[in-house]
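The values are calculated or read from the model by the stated rules, or taken from the named source; none is laboratory data. For clarity, every value in this text was computed on a predicted model and none was experimentally measured. Positions of Cβ are generated from backbone atoms using ideal geometry, with glycine treated the same way; all protein chains shown enter the neighbour counts.
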Amino acid sequence: MTTEQTQGQRSAEAGADGRAVLEVTGLDVHYGPRRQRRRALHDVSLSVAPGETVGIIGETGSGKSTFARTVLGLVRASAGRIVIGGEDVGAYGSRQWRRLRRRGVVQYVFQDPLRSLDPDLTVEESLIEPLLIQGVARQEAADRARTFLARVQLSEELLDRLPGELSGGQRQRVAVARALVTEPKLVILDEPVSALDSANRVQILQILKDLRAAGVALVFISHDLGSVAGVADRIAVLYQGELVEVGAARDVITDPRHVYTRLLVGSAPTLRSASADRAERDRLRALLHA
Amino acid sequence: MTTLSAKAAPGTALCAAEPATEPATGSVGELSTAGTTAAPVLAVRGVRISDQVTDREIVHGVSFELTPGKTVGIVGESGSGKTLTCRATLGILPPHFEVSAGSIEIAGTDIATLTPQQWTALRGATISAVFQDPASYLNPSIRVGAQIAEVIRVKKGLKRREARHRAVELLQAVQLRDPELVYGQYTHELSGGMLQRVLIAVAIAADPQILIADEATTALDVTVQAEILDLLAELREQAGLALVVVSHDLAVVAQLCDEVLVMREGEVVEQGPTSDVLHRPRHEYTRLLIAEHDQYGLEKFLTPLTPQETS
Amino acid sequence: MTMVRRVLSLTSGRIAVVILTLIALLAVLGPLLAPQNPLATSDNTLAAASGSHWLGTDYLGRDTFSRLLDGSRVSVLGSLEVAVMALVVGAIPGILSVYLGRTFEWLTLRLADTLVALPFLLFAVAVIALLGNGITQAMLVTGALVSPLFYRVARAATLAVARSPYVEAALVAGASTGWIVRRHVWVKVLPPIAVALAQTIGVGFIIVSSLTFLGIGVQPPAPTWGGLLASDLGYLSYQPWAPLAPAVLIMITVWASNLLADAIRDVSGEAGRAFVNTRKARANRLGKPDPVSTGGA
């Protein structure tokens, strides 16, 4: 078990070359009132190079959403260093955070496409909001919103619709477009396809691939290895608040080192595997819970 | 009896046109690789379901047969009619929906002829089901063990003490680590995966022949989903349970099933043995489902298996 | 403003707006329209309606019609003041309690609890003793006492949106608290507050009149609708129909306020969006043949 864990850390430093858009070192996050403080993340280190797509895999309670929220400054870290686009944000107060965010370097796409758009704002108003916050003139913002709507393959007719009048897939594409209007260097996506059906899922994943080709760095958070595998360059596996394995997507999937990763890969339903690995899964479960 | 969609693959259990008096003939043998000739415990023949208020047909003809120890999978997105088909089989269609054509036979009995009392006797004892959100099927203010014991007392007529004993056995059978402890716990003390196990324990409490799992693993984590699927596979092998597995994910169904039905907008667009559907999909929609996995899923990194390996 | 247009698209909303406009006009013009001096007494006490006294006279021989018109300004303004006061000291701290940190939240919450627990009369008398008697002081007291309702309504509505993903999305885009409140929170908080406001206007009438009855606020010779109702009730055996006029005025105003509150509730939030959608759909269907949905995903 111990050897497997150390091996799991094999390529944690891949992509860290000083120019990283995001560099997280030794991140600790706690939550809850003082008496019942619980650890959400422990000693998480990860760096994301420009134009790179990193998948973060974790199940319920693994701390994957906490990771995203901490990087975005929505949750305070109790230890560790976060560097975004060369700026150490560790000691940032709310004013400095606001200044950093207004530059539009990092954007966030939420899991729930139903609730991530204000139900009282039209698609256009939602899309131009980040630009208006930056101080872009309304007309210019509207022009840019149109461009990005086209990039997520939505028609301009949708601009004056309310989110309630769109399908789930359309809403998620609007949410992606909103994250793109400020031309960020890094987009963090929290379960962007989990609530979608196959056709919409493929469409969003294709958009993400195009984004990566355009040089935008992506952090793709999911509970499902399957949805990340197709787009990620590297995969990081979170288990109970700790990063147990980081490596190239192919390596993590074809040759997982950590017990949990092996169980995760062995558990993901695929069209290719037969149910013969049941015994193997049982063995891994016993090993993990030991 | 209605004719079937020409799109459905041949060589499967398309026995809608066969007389109801002689089930379990050639067609069943053809689909199951083991070549069993056991009588089907569940036969769904050309079932169509309509909404009586809007007078629209929602499900346009579904047929399959299920023999003990076998598994049929239904794949489709929300609104494809897969859940309605399940509910029709269980006799619990929502208000103003009805089976407008076709027939469903459970253990040789046409369900259209059943009285409410007969239905009550049948459910649980012959056919049973688990659904997506396990917490909503259990009473949060009663210990889960007591709820299982209640089912056993009602269905099997056991005394309180024997029922308790049997309930603990069942919790053991669904591989909960500490059955005695779980027996005395409330729903909020259990995780989603544990609750689904408890619900499976309730479902198999009266030794049914058929178990319908309708999106039973959808809300669960991947590793927990695999645990539940493994459990279902084991129950099928040990108790000879016949399974109907319903999911939006083709891969989940592919794990367990001998036969797959792909549904879209109320229509069965593809039907056949699992390996045929996976390796020789005929319908565009099935190809899309498979392509999604090949391009974006784990399969991208896994070597494709030859058809022989999966069977 | 879309909200106003939506309210006006409802029949009940139009009726309420028309009635409330008329009453507002009455409040503005009432004292100027009074045919006689509302304070002038005469020997002709408790007279029936006649050409010179349209609604008769009261127990001091004052013209009831003139008193009703004269009192309308102070009555309507009084209840409006109560509502505005409650809005300012209730709703605004309610929204801010979510954003201004824990100390402010704790303080305002305790304050709201205290105000609810205070006996109304004791508090009113204490404030009057401190600040002197007068209509402004009375309104201050009542406004403060109604404010916990506004505080709670505003706080609950704000809390419901404060943690929503779209607010966090705006936050991640660099929005300030002010921006978030203006652009996202205000719209969600407005409908429940509007409902509370319309209700408070109704309640305000009753409070202003009961305070008048106790000699707090408006002083006895000056007429108010509530005061007229109270004094008329004392002479019910001589003039059984006399309380009718002030009672009907109060009733209509309260009813119109509640009608408006209902209309606002109907066109806002989830229900409002559904309402707009069905209307749009109906309009589309009238325009072109109904495209039959094939269901499915």
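Observations on the structure shown:
Residue-wise test of (1) crowded, with 24+ Cβ neighbours inside 10 Å; (2) among the small types (Gly, Ala, Ser); (3) facing chain B (nearest Cβ under 9 Å); (4) closer than 19 Å to residue A:116 by Cβ.
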residue: A:183; (1), (2), (3), (4): no, no, no, no
residue: A:190; (1), (2), (3), (4): no, no, no, yes
residue: A:194; (1), (2), (3), (4): no, yes, no, yes
residue: A:203; (1), (2), (3), (4): no, no, no, yes
residue: A:207; (1), (2), (3), (4): no, no, no, yes
residue: A:211; (1), (2), (3), (4): no, no, no, yes
residue: A:220; (1), (2), (3), (4): yes, no, no, yes
residue: A:225; (1), (2), (3), (4): yes, no, yes, no
residue: A:235; (1), (2), (3), (4): yes, no, no, no
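- Options B:76, B:108, B:124; residue that is farther than 23 Å from residue B:153 by Cβ and either charged (D, E, K, R) or away from chain C (no Cβ under 14 Å) (or both): B:108
- Taken over segment B:287-302, the criterion of being in a helix (DSSP H, G or I) and either more than 7 Å from every other protein chain (Cβ to nearest Cβ) or without any contact (Cβ under 8 Å) to a residue 40 or more places away in the chain (or both) is satisfied by B:287, B:288, B:291, B:292, B:294, B:295, B:296, B:298, B:299, B:300, B:301.
- Looking only at residues of segment A:242-279 that are away from every other protein chain (no Cβ under 11 Å) and among the charged types (D, E, K, R), we find that the one that is surrounded by the most Cβ atoms within 10 Å (Cβ to Cβ) is A:245.
- Matching residues in segment A:152-179 - criterion: being assigned to a helix (DSSP H, G or I), more than 24 Å from residue A:57 (Cβ to Cβ) and under 20 Å from the mean Cα position of the chain (by Cα): A:170, A:171, A:174, A:177, A:178
- Of all the numbered requirements in (1) under 27 Å from residue B:284 (Cα atoms); (2) within 9 Å of another protein chain (Cβ to nearest Cβ), residue A:178 misses one, and that requirement is (1).
- Test: residue in segment C:137-157 that is assigned to a helix (DSSP H, G or I) and over 20 Å from residue C:89 (Cβ atoms): no
- Selection count where residues are in a helix (DSSP H, G or I) and of a type in the set (Gly, Ala, Ser), scope segment B:155-191: 3
- Within segment C:169-178, the set of residues being surrounded by fewer than 19 Cβ atoms within 10 Å (Cβ to Cβ) and either in a helix (DSSP H, G or I) or away from chain A (no Cβ under 14 Å) (or both) comprises C:177, C:178.
- Residue within segment A:192-215 that is part of a loop (DSSP other than H, G, I, E, B), touching a residue at least 40 places away in the same chain (Cβ under 8 Å) and either more than 30 Å from residue A:125 (Cα to Cα) or not assigned by TED's automatic domain parsing to the domain that holds residue A:65 (or both) present: no
- So residue A:54, is it in the same structural domain as residue A:261 (by TED's automatic domain parsing), out of contact with any Lys or Arg (no Cβ under 9 Å at 6 or more places or on another chain) and either modelled with pLDDT of 90 or more or crowded, with 17+ Cβ neighbours inside 10 Å (or both): no
- Residues being out of contact with any strand residue (DSSP E or B) (no Cβ under 9 Å at 6 or more places or on another chain) and either outside any helix (DSSP H, G or I) or without any contact (Cβ under 8 Å) to a residue 12 or more places away in the chain (or both) - total across segment A:216-233: 1
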